[in-house]
1. What number does region 208-307 give for Rg over Rh if you use C-alpha atoms and the Kirkwood radius?
2. Percent relative contact order of the chain, based on C-alpha pairs within less than 8 angstrom and at least six residues apart?
3. For LEU139 and GLU201, what does the FRET efficiency come to when R0 = 25 Å and r is the distance between their Cβ atoms, rounded to the nearest 0.05?
4. Quick check on the exposure proxy: order ASP456, ASP388, ASP338, ASP162 from fewest to most C-beta atoms within 10 angstrom.
5. If I fit a long axis through the Cα atoms of helix 4-14 and take the longest principal axis of the Cα atoms of the chain, what angle between them do I get, 0 to 90°, rounded to 10?
6. Give me the compactness ratio for region 454-503, meaning the Cα radius of gyration over 2.2 N^0.38 Å.
7. Roughly speaking, what is the stretch gain from GLN397 to LYS96, that is 0.36 nm per residue apart minus the C-alpha to C-alpha distance, in nm to one decimal?
8. If we count other beta carbons within 10 Å of each Cβ, what is the order of PHE439, PHE86, PHE20, fewest first?
Amino acid sequence: MIKPEALASLIKNCAPEAYFVGGAVRDALMKRYCGDIDLAMPRELVKPCAVKLAAKLKASAFEMDPDFCVWRVTAKSGLQIDLCAFVGKDIKADLKRRDFTINALAYPVSSAFKIKTKPAGKKLSLLLTSLKKENIIDLNGGIDDIKNKTVRANNSKVFTEDPLRLLRAFRVCAELKFKIEDKTLSLIKKSVSAALNPAGERIQEEFKRIFAAANTANILRAMDGAGLLSALIPQLEDQKTCAICYYGEGGVFTHTMKVVERIEFLLNNLEKAFPKFHKKIKPYAQDTALYKMTALLHDIAKPATAKMINGRLRFFHHEERGSEMAEKFLKKLKYSCDAQKLICKMIYYHLRPSNLASNEIVTDKGIYKFFKELGPAGLPMLLLCWADYTSYVRPMQVFSLMRKSVLPVMTMEEAKKKDNIGKTLRHMQMLNFLFGKYFNESKRFVAPPKIIDGRDIMSVLNVPPGPRVGRILEAVTLAQVEGKIKNKEQALALLEKNKSAFLRFDNN
């Protein structure tokens, strides 16, 4: 890995006419490490500088955007340097076109500077230091806005030139804990109709960065106040007038925001919520952004399915409809197929633990089918359900219920005596119970060892290959899960004994 002083010297030698721009300068003033370095320079220098830097760093260089002449240099160490052409004739013209004043800053490479580095996962974080403040180019009060923790539009056209900046304004607030200046907020409100115009991948990236930051629910509320959240996900606007009688002011939307708050709390407090299993759960809880998006979308279909039945407001099949609606939105944002499947499956089945808790006794068959049908979404969905259930009680009550949630699942009669808190606690205990089955008895409920295969079934029952064989094999596995059979001999005996019943299984 190249030493920081050597990297500074290398940049000076390879790109002497360049300027550090954007986040690198802003973060340097905040003494904050950044993920990469952006260099701006005359167009004709971009490719030669990128190639030269890559050669010296033994890194790769490739063109990212031929229209705007953007190149990226990436090294095995995780170092990333982006080189781009001036937008306009020179650096001052370039800065005038940038999004926010705090990002419209430049510092000449030819001036004095140092670099600090530190690992950040697979990447390398960098910090520019020892900058001469008199050499920082600041045309529009960006340095003062950094001091005042303010996001201010660099000009009146920033959002029409690139509507992604609507979302980026709130992402910057989330990451830096800044506030949007009033005039900029007014510009955002006037421009929200274009929120879905940018490419889906770009919108997805901004959402992920918002979700990766802390206090996500408050950022989403601020976006909602500006009309941006509803412009991106119109169904959330419908939630505000749905089920006010049940959820209070703000209806389903109020509930949705509470679930986002609770999932963030849970992911930060796994040890307190699941003291027995937190170490085993942790690998499943790394993708914070995925969980928060799921929380945001989990009840998206409640307004569309709301019906008053016998004087009671019901949302029949909102989980199935919600899965379909979420899939359309996630496709628009170009989420990966795996992420789409996981999120949509979590939404589709998010009532399953509640359905299990509605039974006094949860059977072994029920537990097996739960994990069988959910597959990779099983454990993640339990975390979503925890957030959903705890959204119905006050924050201080959550702490009290967490301590009791590790106890055996209370009876339904015991839960009724505690009113709504009892129902929530029983549900939380059910989640702990299911985690225990998954981690402590996985060979029985999650991945039972195969004691016979399809060839055994075809041989004993004299049936041809086909879907029926799979259904019979599943029936045998259920018998195994329920403890009715334990080995191959008993499984074959079961086939012989119930031969006529198995032969009646449909082969279509």
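1. Looking at region 208-307, the ratio lands at 1.02.
2. Once normalised by length, the contact order is 9 percent.
3. That pair, LEU139 with GLU201, gives E of 0.20.
4. The fewest-first ordering by Cβ neighbours comes to ASP338, ASP162, ASP456, ASP388.
5. It works out to around 60 degrees.
6. Normalised Cα radius of gyration, region 454-503: 1.02.
7. Answer, rounded to one decimal: 103.2 nm.
8. Ascending Cβ contact count within 10 Å gives the list PHE439, PHE86, PHE20.
Every read-out reported here was derived from the displayed coordinates using simple, explicitly stated rules and does not represent laboratory data. The structure displayed is predicted, hence computed values, not measured ones. Neighbour counts run over all protein chains shown; Cβ positions are idealised from the backbone, glycine included.
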